[in-house]
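Here's the structure, in structure tokens; my notes come after.
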């Protein structure tokens, strides 16, 4: 596993928004970024869980966290615009956007996949990323070193039977990342990449693989060196890359001229 000795002030005064921040990898990102000095804006479905994360961060690094419960399955474009309007009133820029929110949907063949579950999964996993990006880009462009990180999956890079809307949504995320990265490459300093965390000890993983022993899996905390590196100055040349956290080697993703 990749190791990165991140200084305590690595993200000092950086403003980073994390979706799906109430549990699992998103929660670990939130607490880790705050410990390294970031102001974190946390979006998630469960107010109770978000409040728990808020309390944890406040106890360690007071004044570094804002929480906002959201339901991406039904959120409308004007609500995304209202969210970013609020961010604009509170922050001079956005330095990081971690698009981590996602639901599993159902593991079922396409032939029998329920249309309502399909729509909900696509709304949460893809449409929320599009709308949030569209509304946040003006704030990201105000940063001198902004990063956008789409959280992907191996089933979004090679199709696998019965992964249905979840797998398709992750393919869409990869396409959205590549499209945005190409659009911004010569017009902006925003760096855009996707990251596949791999099998990790989370509630979603346990739901997808109920027979698996979760104690044999890496924890979200073990992934944090990769996330921190991708937000660091060292990663400023990595752009438009589909990254695998479990086999992360920065040199693999740097331009050949580096």
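The values are calculated or read from the model by the stated rules, or taken from the named source; none is laboratory data. Worth saying up front: this structure is predicted, and the values here are computed from it rather than measured. We place every Cβ from the backbone using ideal geometry, glycine too, and count neighbours over all the protein chains shown.
Looking across the stretch 1-15, not a single residue is surrounded by 24 or more Cβ atoms within 10 Å (Cβ to Cβ) and either modelled with pLDDT under 95 or within 11 Å of the chain's Cα centre (by Cα) (or both). Annotation for the stretch 135-147: no member residue is closer than 15 Å to residue 20 by Cβ and surrounded by 24 or more Cβ atoms within 10 Å (Cβ to Cβ).
In the stretch 90-104, is there at least one residue being touching a helix residue (DSSP H, G or I) at 6+ places or on another chain (Cβ under 8 Å) and assigned to a helix (DSSP H, G or I)? No, the conditions are met nowhere in the stretch 90-104. The residue that is nearest to the chain's Cα centre (by Cα), among those in the stretch 215-258 that are at pLDDT below 75 and surrounded by 15 or more Cβ atoms within 10 Å (Cβ to Cβ), is 218. Scanning the stretch 139-159 for residues that are over 12 Å from the mean Cα position of the chain (by Cα) and touching a residue at least 24 places away in the same chain (Cβ under 8 Å) yields 139, 140, 141, 142, 143, 144, 145, 146, 154, 156, 157.
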